[in-house]
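Accompanying notes for the structure given below.
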Amino acid sequence: MKVGIYPGSFDPVTFGHLDIIKRATKIFDKIIIIVANNPMKNTLFSIDERIELVKEVLKDYPMIEVETFSGLTVDCAKKFSADAIIRGLRMVTDFEFEFQMNLANKVMNVDVETVFLMTKVENSYISSSLVKEIHQLEGDISKFVPECVKKALDEKSLR
Ligand code: COA
């Protein structure tokens with residue numbers, strides 16, 4: 001049984017994340033989405049809201065679980081007995097950051113592997129911040145996020 005963890009802030013989850021997750025289901029038997037609880041990152045959605053949105057969009061995938069973690073990703077991988085960390089690669093700029101993170105993770109735990117999946121070209125420029133900015137400026141975000149995420153963003157802007 002191959003287990004992969006997919007860590008990220010998911011503030012909020014986008015079609016870009018979902019593309020990586022769905023493709024990872026072909027490689028792993030079980031995937032645990034780790035919604036990072038990082039107090040250093042100023043998120044729009046609370047940890048509970050981010051978890052709920054990820055659960056909602058992946059409710060039809062019984063092999064996917066959603067958890068949170070506030071420590072090092074390598075410790076998270078150990079806690080969930082993961083065979084690998086899953087990461088998506090969009091632009092070349094992602095590579096530099098991912099390479100650095102991967103090297104640091106290897107020093108901290110030599111047994112933890114990272115599997116990189118290349119994004120589809122149509123998702124290569126999406127980020128959660130970009131979605132939030134377009135939404136705030138009243139642009140159409142339906143090509144970037146599922147309907148429930150759009151609804152959650154609409155509700156945030158009404159508050
Ligand atoms: N499609 C669309 N968007 C994507 C994407 C994809 N495939 N992959 C990443 N993104 C976006 C995210 O939405 C995010 O956008 P934002 O910056 O506008 O919010 C951005 O790209 C960065 O995403 P990511 O690289 O996943 O960063 P993150 O902040 O969401 O999560 C952790 C980073 C949690 C994996 C990392 O900080 C971590 O491992 N933290 C734990 C602490 C630790 O171990 N530190 C030592 C690391 S060596």
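Details
- Heavy-atom accessible surface of the chain, averaged per residue, reaches 58 Å², computed with a 1.4 Å probe.
- Apolar share of the accessible surface for segment 3-158: 55 percent from carbon plus sulfur atoms, 1.4 Å probe.
- Here the simple spin-label model places points 7 Å from the Cα toward Cβ, and for Thr25 and Val107 these points are separated by 3.8 nm.
- About the centre of its Cα atoms, segment 1-53 shows a dipole size close to 320 debye [charges on the beta carbon of Lys, Arg (+1) and Asp, Glu (-1) only; nearest 20 debye].
- Selection from Thr93, Phe10, Ser127 lying farthest towards where the dipole of segment 3-158 points positive, charges on Cβ: Thr93
- For a paramagnetic label modelled on Asn37 (point 7 Å from Cα along Cα→Cβ), amide N atoms under 19 Å away belong, within segment 52-82, to 52-56, 65-81.
- Other residues whose C-beta falls under 12 angstrom from the C-beta of Asn42 contribute a net charge of +1, scoring Lys and Arg +1 and Asp and Glu -1.
- The mean sequence separation of alpha-carbon pairs under 8 Å and at least six residues apart, normalised by the residue count of segment 3-158, gives a relative contact order of 30 percent.
- Alpha-carbon Debye profile of the chain, log10 I(q)/I(0) at 0.19 Å⁻¹: -1.30
- Within straight-line cross-link reach of Lys78, lysines at Cα separation under 30 Å, skipping those fewer than 8 residues along the same chain: Lys2, Lys22, Lys26, Lys30, Lys41, Lys55, Lys59, Lys106, Lys120
- Computed per residue of the chain from DSSP H runs no shorter than four, each worth -39500 (n - 2.57), the mean residue ellipticity at 222 nm is -12500 deg cm²/dmol.
- Evaluated with a Cβ-only charge set (Lys, Arg +1; Asp, Glu -1), segment 1-118 carries a dipole of roughly 200 debye about its Cα centre, given to the nearest 20.
The values are calculated or read from the model by the stated rules, or taken from the named source; none is laboratory data. If you're wondering where the values come from, they're calculated on a predicted model, not measured in any experiment. Here Cβ is always computed from backbone atoms with ideal geometry, including for glycine, and neighbour counts include all displayed protein chains. Just so you know, the surface numbers come from the protein's heavy atoms only, side chains and all, with ligands and any DNA or RNA stripped out. Shrake-Rupley method; radii C 1.70, N 1.55, O 1.52, S 1.80 Å.
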